[in-house]
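S.K.: Below is one structure. I have some questions about it.
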Amino acid sequence: MDLSVACYACGREGALADGPRCPCGEPVWLDTDPTDFEWPTTGERSLWRYRELLPDVDPAGLAAGAGGTPLVRAPRLDDSVGATVHVKFEGANPTGTFKDRGSAVGVAAAERAGYDAVGTVSHGNMARSMAAHAASAGLDCLVLVPADIPRARLGLIARHDPTILRVDGDYGRLYEESVRVDREQAVAFVNSDTPLRVAGQKTTGLEIAESFAPDGPDAVVLPVSSGGHASGIWKAFREVRAAGLLDDPPRLYFVQAAACAPIAEAWDRGDDAVTAVEGGETVAYSIANADPPSGNRVLAAARQTDGAVLAVDDDAILAARRALAERAGLFVESACATALAGANRLAERGAFAPSDDVVLVATGTGYTERDLDAPTVDAETVPLADLETAVAARLG
Ligand SMILES: *Cc1c(COP(=O)(O)O)cnc(C)c1O
Ligand SMILES: [Zn+2]
């Protein structure tokens, strides 16, 4: 497979084999020609519906089950957002997050290229997703985690039996180190913003665009960490526009947790480059990348779509998580509740008109972290014989 890549920033073209970075320093993405693309008429529900815009691979096993997630209306959130709210529920993916989209494409491409092993640098959802997809494809999976990873999280990753290496040292440097290992060993690393991962993850955007065709939504709001998903969604709307299927792409809004918000801080300064931060603790630990590899690309996406990057604090995130569960029926990971918390903030700033269709991307299910903060539940016990009177007393 001879895939070509291009740099969003300087336009330089190259080959996938040259690695995930342009000589200018920015991340590259796959070079696709969408000019002849049309919305498919086949009934395929997975991300492979958009095969024409994806690398030519043979998805088997779990890969065929990624994507095709529901877009649901959340009318009881309309008031707080001041718009018509839709939620793209990525928790419906096989391992519970959109990471399955990138893993499906990355693992299938590695298999096609003849690799025996894939790898990733992650201690959370991406590690779990890669391990699951590798298990299904029969490839080894090398997961590099920080030495001090909490036991519960390690346990979730270990379910799919990958090779786990705890790495002692500066975890932030591992991304670059893994690129070197990729070149010298027979391991295909599919990290947070690598071209194959972004190719898979752009399908979140393609699905949103197709759901609203022939128009688009007015705005898409999503949590951002490394910037890989954001890059993919931006690319999706660029491709749909280049195909002539959408005149007016949505504004893209990206939300971070205030305790670790390098991209939002650069946005507030008016910079077009992100500076690494120290990064504090947050309930949204899945989006706490203090040195995001695609941070500059996210700034460009927000600027070019007339969107914004913002940060919300943990109280707002937890309140939004409750609102999604109690008013939309969706139990999500704290990290993705930032989308609703961010939309609420944007509404206060007057970012939306009442007639706007606003899509919140709920990036992952909450059921993977249900034990971390299990609330004390105050539910009464009643004798079976008294059931009818008990129900009448409470609901009558
Ligand atoms: C990985 C992840 C994100 C952030 O995605 P990036 O591509 O790293 O920006 C957001 N939410 C959840 C649940 C995630 O697992
Ligand atoms: Zn470049």
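Only the coordinates and a few stated rules stand behind these numbers; no lab work does. Because the structure is a prediction, the values reported are computed rather than measured. Quick reminder, even Gly has a Cβ in these numbers, built from the backbone with ideal geometry, and neighbours come from all protein chains shown.
S.K.: Quick check: convex hull over the Cα atoms of the chain, volume per residue in Å³, rounded to an integer?
M.R.: Each residue corresponds to 162 Å³ of Cα convex hull volume.
S.K.: Considering only C-alpha atoms, what is the centroid distance from the stretch 333-395 to the stretch 278-299, in Å?
M.R.: One Cα centre to the other: 25 Å.
S.K.: Quick one: dipole size for the stretch 1-56, taken about the Cα centre, charges +1 on Lys/Arg Cβ and -1 on Asp/Glu Cβ, in debye to the nearest 20.
M.R.: In debye, rounded to 20, the stretch 1-56 gives about 260.
S.K.: Add -39500 (n - 2.57) for each DSSP H run of 4 or more in the chain, then divide by its residues: what number comes out at 222 nm, to the nearest 500 deg cm²/dmol?
M.R.: Helix contribution divided over all residues of the chain: -11000 deg cm²/dmol.
S.K.: Quote the charge dipole size of the stretch 1-145 about the Cα centre in Debye, to the nearest 20; the model charges only the Cβ of Lys and Arg (+1) and of Asp and Glu (-1).
M.R.: 640
S.K.: Further question: Any idea what log10 I(q)/I(0) is at q = 0.11, 0.16, 0.22 Å⁻¹ for the stretch 1-122, Debye with uniform C-alpha scatterers and no solvent?
M.R.: Cα-only, vacuum Debye calculation for the stretch 1-122: -0.52, -0.98, -1.29.
S.K.: What range in the chain is the longest one free of trypsin sites (Lys or Arg not before Pro) that are in a loop by DSSP and have at most 14 other Cβ atoms within 10 angstrom?
M.R.: 160-348
S.K.: Would you mind finding the longest exposed-site-free stretch of the chain, with exposed GluC sites (Glu not before Pro) meaning DSSP loop and at most 16 other Cβ atoms within 10 Å?
M.R.: Free of exposed loop sites, the longest segment is 45-277.
S.K.: If you build the Cα gyration tensor of the stretch 214-283 and take the root of 5 times each eigenvalue, what three semi-axes come out, in whole angstrom, biggest first?
M.R.: Working through the eigenvalues yields semi-axes of 28, 12, 10 Å.
S.K.: In addition: For the stretch 76-228, taking Cα atoms only, what is the radius of gyration to one decimal and the Dmax to the nearest whole Å?
M.R.: 17.1, 54
S.K.: Could you please report the charge total around SER231, scoring K, R as +1 and D, E as -1 over all other residues with beta-carbon less than 12 angstrom from its beta-carbon?
M.R.: +3
S.K.: What list of whole percents do you get for P(r) of the stretch 307-363, with Cα-Cα distances grouped in 5 Å bins up to the one holding the largest distance?
M.R.: The calculated distribution, bin by bin, is 4, 20, 30, 24, 16, 4.
S.K.: Using only the Cα atoms of the stretch 29-96, construct the convex hull and provide its projected area averaged over every direction, in square nanometres to one decimal.
M.R.: One quarter of the hull surface, i.e. the mean projection, equals 7.0 nm².
S.K.: Rule-of-thumb check for the stretch 164-242: C-alpha Rg over 2.2 N^0.38 Å?
M.R.: Computed over Cα atoms of the stretch 164-242, the ratio equals 1.40.
S.K.: On to the next question. Might you report the magnitude of the Cβ-based charge dipole of the chain about its Cα centre, with Lys and Arg at +1 and Asp and Glu at -1, to the nearest 20 debye?
M.R.: 220
S.K.: Can you find, among ASN289, ALA351, VAL312, the residue farthest towards the positive end of the dipole of the stretch 272-396? Put +1 on the C-beta of Lys and Arg, -1 on that of Asp and Glu.
M.R.: Selected residue: ALA351.
S.K.: Out of all DSSP beta bridges in the stretch 65-149, what portion is antiparallel? Express it as a percent rounded to 5.
M.R.: Percentage antiparallel, nearest 5: 40.
S.K.: Right, another one. Normalized C-alpha radius of gyration of the stretch 84-156, against 2.2 N^0.38 Å?
M.R.: 1.21
S.K.: Then there is this: Where does the charge balance sit around VAL181 when Lys and Arg score +1, Asp and Glu -1, over other residues with C-beta under 15 Å from its C-beta?
M.R.: Result for the local shell: -3.
S.K.: Taking the Cα centre of the stretch 1-148 as the origin and placing charges on Cβ (Lys, Arg +1; Asp, Glu -1), which of GLY82, VAL121, CYS22 is farthest toward the positive end of the dipole?
M.R.: Going by the Cα projections, it comes out as GLY82.
S.K.: Restricting things to Cα coordinates, could you compute the convex hull volume per residue of the stretch 272-396 in Å³?
M.R.: That works out to 162 Å³ per residue.
S.K.: Taking the Kirkwood radius as the inverse of the mean 1/r across Cα pairs, report the Rg/Rh of the stretch 344-395.
M.R.: 1.27
S.K.: For the stretch 245-328, what D do you get in µm² per second when you plug the Kirkwood radius from alpha-carbon pairs into Stokes-Einstein at 20 °C and 1.002 mPa s?
M.R.: It comes out at roughly 156 µm²/s.
S.K.: I would also like to ask the following. Among VAL224, CYS336, CYS260, whose Cα lies farthest out toward the positive end of the dipole of the chain, if unit charges sit on the beta carbon of Lys, Arg (+1) and Asp, Glu (-1)?
M.R.: Towards the positive end, the residue furthest out is CYS336.
S.K.: Net charge around ASP140, counting only other residues with Cβ within less than 15 Å of its Cβ (Lys, Arg = +1; Asp, Glu = -1)?
M.R.: Overall, the nearby charge balance is -4.
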